[in-house]
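Just so you know, all these numbers are worked out from the coordinates, no wet-lab data involved. As the structure is a prediction and not an experimental result, all values here were calculated from the model. Reconstructed Cβ throughout: ideal geometry from the backbone, glycine too, with neighbour counts over all protein chains shown.
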Amino acid sequence: MTTLDKGAIEVHITLDMPEDVVLVIGTNVKAKSLFPTFTDVAGDLSFSLQRVSIGGFAYYVIQPYIDSNLVEEVTFGPLNEIEKTVVRFYMYDEFASFYVNGLWLYSFGFSHVEYEDETFAVLSATGGTFTANNIVVSELADHREAVFVDYESTTDNAISSILQQRPVETYAEAGPQISFTYAIVRDVVNAHNIDRIEEVREDSSQMSSDGLVYYSDVAVSVDATIAKEVGLITRMYRMSELETGAVKAAKMLQRKARERRDTVEVNGRFDARVEIGDILVVDTVLTSTGRVIQKNVIVEAVSINATDSRFSMRVSGRKSSE
C-alpha cells in the first residue's frame, strides 16, 4: 500500500455533548511527535475532545494521541454555554486543527505524517453517550493553502489553475454568481404534471470498467457496474497536475460516464423549484398502458417556453446513481 507525506481530511459534526462524554476522532494517518521523548516510529494518530464547565462557562480540552501515548493537552475557553456543539476537525499535511462553533481552538503539528491512499476517520465516545447529526467526513482532494494566479491571466485560466484536472461541476445560480462543486448535496424535487418522458440509452465512449490513473503515482480505479453490464473497458486518466485526490477524481469521472448511459428528457408544466444540479424524481403511471415509470434524474439543462399563456418546461439530464 502506498503511503504519502501529504494529504488532508475534514470532519464536521453537530452534537449534544454532555460534560462527562469524551469525543474520540480516530484516523488511519500515522504520525511522529515533535517532542523528543517519543519513539521515532510513526503510530496511529487520534484525538479526544471533552467539554468541561467552570463557573458557568464551557471549556474544551483537546488531547492528541499517537497510538495510546498522550502527546500533549490543550484547554481552551471560556465560551458561552450553548445547547449544541458544532465541531470541525481539519487536518492537512502535518498539521491538525480544531474548531468549535466557528471558533478556532488550536492547531497541532507533527514532525512526520504518513497518509494512505484513502484517508478515513472513525468517531467514537467514551464516558457516556451523545446525540450527533449532520456528520460529514470528507477526504479533501486539494489542501493547497493558496493558489497563485498571474495578474494578467484571463478568468478561464485563473479558474483552471484552481480546479486543475478535477471533474468539478459548474452551475449558474439565480443571481450573477457561479457555483463550483466537487460533491454537491443535491436538492430533491418531485416532478408533477408531466406531458412526455423520453429516455435514451447509449454507451458512452468515456465509460471504463478499469481506469489506469496516472498522477504523481499510479493507481487503478474499478467500476464493477460497468464491468458487469458492459464488459471489460480500460481507459487511461492522466492527472499529472495532481498529488492527491486523483483516484477520487477518476472514480467520479467513471460514475458520471456510467450515469450518462441513460439520458432522460421530461416535458411538463413549468416548475420554478427545479434548478440545474437538482435531482428530479419522476414517479408516474402512463394512462394508456398502465406502465409505472420511476426515475431519478440529475438535471443538466432546463428550458422554459411560454405559448398562448401556457408555460411549459423541458428538463434534460442523466440518470442518477445516488
Kirkwood hydrodynamic radius of region 8-138 from all distinct Cα pairs, in Å?
-> 15.1
List the aspartates and glutamates whose alpha-carbon lies under 14 Å from that of K84, not counting same-chain residues fewer than 8 positions away?
-> D16, E19
Packing rank of 255-267, 158-170, where each peptide gets the mean count of other beta carbons within 10 Å, highest leading | 255-267, 158-170
Ranked on Cβ counts within 10 Å of their own Cβ, fewest leading, Y115, Y106 go Y106, Y115
Cross-link reach from K228 to lysines, straight Cα distance under 28 Å and at least 8 residues apart if same chain, gives K248, K251, K256, K295, K319
Assuming a ≥ b ≥ c are the square roots of the Cα gyration tensor eigenvalues, decide whether region 172-322 counts as rounded (a/c under 1.5), prolate (otherwise, with a/b larger than b/c) or oblate.
-> oblate
Just from its helices, what would the mean residue ellipticity at 222 nm be for the chain, if runs of 4 or more DSSP H residues each count -39500 (n - 2.57) and the sum is divided by every residue, rounded to the nearest 500 deg cm²/dmol?
-> -2500 deg cm²/dmol
Taking the Cα centre of the chain as origin and charging only Cβ (+1 Lys, Arg; -1 Asp, Glu), how large is the dipole, in debye to the nearest 20?
-> 1100
How big is the charge dipole of region 155-223 about its Cα centre, in debye rounded to the nearest 20, if each Lys and Arg gets +1 on its Cβ and each Asp and Glu gets -1 on its Cβ?
-> 220
Could you tell me whether region 64-105 comes out rounded, prolate or oblate from its Cα gyration tensor? Rule is a ≥ b ≥ c as square roots of the eigenvalues, rounded for a/c under 1.5, then prolate if a/b exceeds b/c, otherwise oblate.
-> prolate
For region 179-252 and region 1-79, write down the distance between their C-alpha centroids in whole Å.
-> 35
Using only Cα atoms, figure out Rg for the chain and give it as a multiple of 2.2 N^0.38 Å.
-> 1.23
Tilt relative to the chain, helix 246-259 - C-alpha long axis, 0 to 90 degrees, to 10 | 20
